[in-house]
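Contents: one structure, followed by commentary.
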Amino acid sequence: MIAHIALLEWRRLRAGMMFWLLLAFGQLIIAWLGFAQLEAFARIAPELKAGGSVLGVMDLVIVPTLNSLVLLLLLCTPLLAMGSLAGETHSGRMALWLSSPVSGTQMVLGKILGLWLASLPLTISATLTLAAFGLGIDLDWPRFALAVGCLFLLNLWLAGVTLFVSGLFDHPAAALAASYGILIFLWLLDSFSGPDSAWHWFALLPHVKPWFQGLLRSRDIVFFVSTGAAAALLGTYAIARRRGQV
């Protein structure tokens, strides 16, 4: 049942114009940024080589572009997720879901997976564009693979968080605004609090940057798994509360 709901959600999102506009816009931005970074690197490469710098394509081209991709995902995923639960409530279809034998857990997990599938094409197309640079220059492939794995995990985490927020509201626009507020806060939290602050653990960037640097840390995996699972559980609880009101 979870797989069936996921496919339904994926097909619903794929059939909308928003999905294709975000995919085209995101791919255009990443391609432009990637080639601009590559051109700048080509200009300074002789100076870096003469100075014995250890900085390479991964540090000066791939990682900055991947950072931009992370920001794009933070902007695009809420646009896809705002109609997942809030849209169902606004259109009146939520009553059909709540009266069906589908459990809240199945509904939430299915919609998270469907949203994840819908957000993957942008990540895949962008990383393939950057991987194509490896045809002409040397890339640190293990480090690149770790960064791609981080992006896939980030996609799933964003799907869980934005779906949970969507379940708190009855209108997609309200869900979109709340999702942007939460994600931008987590994006900027590390600049508001020091490394020793208790709130610093909830900052998003300190858990993403190590992957791009080639570091796989258990604390970062725990962050994504624990907060993503908490969002899914809270989303299930929100559905259960709605079911009790029907």
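The values are calculated or read from the model by the stated rules, or taken from the named source; none is laboratory data. Bear in mind the structure is a predicted one, so any value in this text is a computation, not a measurement. Backbone-built Cβ (ideal geometry, glycine too); neighbour counts: all protein chains shown. Protein only, heavy atoms only, side chains kept; ligands, DNA and RNA dropped before computing areas. Shrake-Rupley method; radii C 1.70, N 1.55, O 1.52, S 1.80 Å.
Take Leu60 and tell me if it is over 18 Å from Leu186 (Cα atoms), of a type outside the set (S, T, N, Q), open to solvent by less than 50 Å² (accessible area, probe 1.4 Å) and in a helix (DSSP H, G or I). Yes: the conditions hold for Leu60.
Quick check on this structure: which one of Leu28, Leu115, Leu74 is more than 24 Å from Ala178 (Cβ to Cβ) and either open to solvent by 10 Å² or more (accessible area, probe 1.4 Å) or touching a residue at least 60 places away in the same chain (Cβ under 8 Å) (or both)? Give the steps one after another, and end with the answer.
Details: Leu115 fails: more than 24 Å from Ala178 (Cβ to Cβ); Leu74 fails: more than 24 Å from Ala178 (Cβ to Cβ).
After ruling out the rest, the residue left standing is Leu28.
Reported count of residues in segment 95-138, each being of a type in the set (A, V, I, L, M, F, W, C), under 16 Å from Leu8 (Cβ atoms) and assigned to a loop (DSSP other than H, G, I, E, B), is 1.
The set of residues in segment 77-87 that are of a type outside the set (Gly, Ala, Ser) and open to solvent by 10 Å² or more (accessible area, probe 1.4 Å) comprises Leu79, Leu80, Met82.
For segment 188-205: of the residues being assigned to a helix (DSSP H, G or I) and open to solvent by less than 30 Å² (accessible area, probe 1.4 Å), which is farthest from Thr127 (Cα to Cα)?
Within segment 188-205, the subset assigned to a helix (DSSP H, G or I) is 188-192, 198-202, 205.
Add one more test, that the residue is open to solvent by less than 30 Å² (accessible area, probe 1.4 Å), and what stays is 189, 205.
Numbers: Leu189: 27, Leu205: 19 Å.
Here the answer is Leu189.
Taking first residues from segment 204-222 that are over 16 Å from Thr65 (Cα atoms) and partners that are charged (D, E, K, R) and open to solvent by 30 Å² or more (accessible area, probe 1.4 Å), the Cβ contacts under 8 Å between residues at least 6 apart in sequence or on separate chains come to Leu204/Asp190; Pro206/Asp190; His207/Arg219. Total residues in segment 206-223 satisfying the condition of being part of a loop (DSSP other than H, G, I, E, B) and under 14 Å from the mean Cα position of the chain (by Cα): the figure is 0.
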